[in-house]
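The values are calculated or read from the model by the stated rules, or taken from the named source; none is laboratory data. Since we're looking at a predicted model, the values are computed, not measured. As a convention, Cβ positions derive from the backbone with ideal geometry for all residues, glycine included, and neighbour counts pool all protein chains shown.
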Amino acid sequence: GVGVVAFGLAATTAGDKYSALHREIGGFAFSPFHKGESPQTGVYPSIGQIKSDLRLAAEHTHNIRTYTVEGDLGQIPALARGMGLNVTLGAWLDTHQEANAKELAKVVKVANANSDVKQVMVGNE
């Protein structure tokens, strides 16, 4: 998330060698976790952190892709509203059928409630 944005910023400010990168970036894989935060430990970014990262991304792209709607991450489309960001909303699946059912129900609900969600991706790498 932030690392990808940081790379994009560094590349766009590195001088003439990277002048082609001064254009808008096509999109970012958006995962707003900061140091010490992880879905594996259940420690999620705050709403303030998510908003800050969204504002940073919006300076360089109009497209973000998320990976899950778990925790407050399901609020990303609503938080991005008005920032000019199209959202590809992700749903993370694993071997836990009950968790998968909850994730799928929430991703449908979030997508239907937010017009900035342009598509939904279900699954993981």
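With (1) under 12 Å from the mean Cα position of the chain (by Cα); (2) closer than 25 Å to residue 93 by Cβ; (3) modelled with pLDDT under 95 as the list, and residue 5 as the residue in question, which single condition is left unmet?
Of (1) under 12 Å from the mean Cα position of the chain (by Cα); (2) closer than 25 Å to residue 93 by Cβ; (3) modelled with pLDDT under 95, only one is false for residue 5: (2).
Across region 15-45, which residue is modelled with the lowest pLDDT among those that are polar (S, T, N, Q) and either within 30 Å of residue 93 (Cβ to Cβ) or in contact with a Cys (Cβ under 9 Å, 6 or more places away or on another chain) (or both)?
40
Cβ-Cβ under 9 Å, sequence separation 6+ or interchain: first residue in region 100-125 and in a strand (DSSP E or B), partner among the aromatic types (Phe, Trp, Tyr). Which pairs?
121/67; 122/92
In region 79-103, which residues are exposed (fewer than 13 other Cβ atoms within 10 Å of the Cβ) and either within 17 Å of residue 118 (Cβ to Cβ) or among the aliphatic types (A, V, I, L, M) (or both)?
Answer for region 79-103, where residues must be exposed (fewer than 13 other Cβ atoms within 10 Å of the Cβ) and either within 17 Å of residue 118 (Cβ to Cβ) or among the aliphatic types (A, V, I, L, M) (or both): 82, 84, 101.
Might you let me know whether region 47-56 holds any residue that is of a type in the set (Val, Ile, Thr), farther than 18 Å from residue 29 by Cβ and without any contact (Cβ under 8 Å) to a residue 12 or more places away in the chain?
There is no residue in region 47-56 that is of a type in the set (Val, Ile, Thr), farther than 18 Å from residue 29 by Cβ and without any contact (Cβ under 8 Å) to a residue 12 or more places away in the chain.
Within region 32-64, track down each residue that is within 19 Å of residue 117 (Cβ to Cβ) and either surrounded by 17 or more Cβ atoms within 10 Å (Cβ to Cβ) or not hydrophobic (A, V, I, L, M, F, W, C) (or both).
Within region 32-64, 32, 50, 51, 53, 54, 55, 57, 61, 62, 63, 64 qualify.
Report, by residue number, each residue of region 38-92 that is part of a helix (DSSP H, G or I) and touching a His at 6+ places or on another chain (Cβ under 7 Å).
Scanning region 38-92 gives a single hit, 49.
In region 91-107, which residue that is more than 18 Å from residue 72 (Cα to Cα) and of a type outside the set (S, T, N, Q) is modelled with the lowest pLDDT?
Among residues in region 91-107 that are more than 18 Å from residue 72 (Cα to Cα) and of a type outside the set (S, T, N, Q), the one modelled with the lowest pLDDT is 94.
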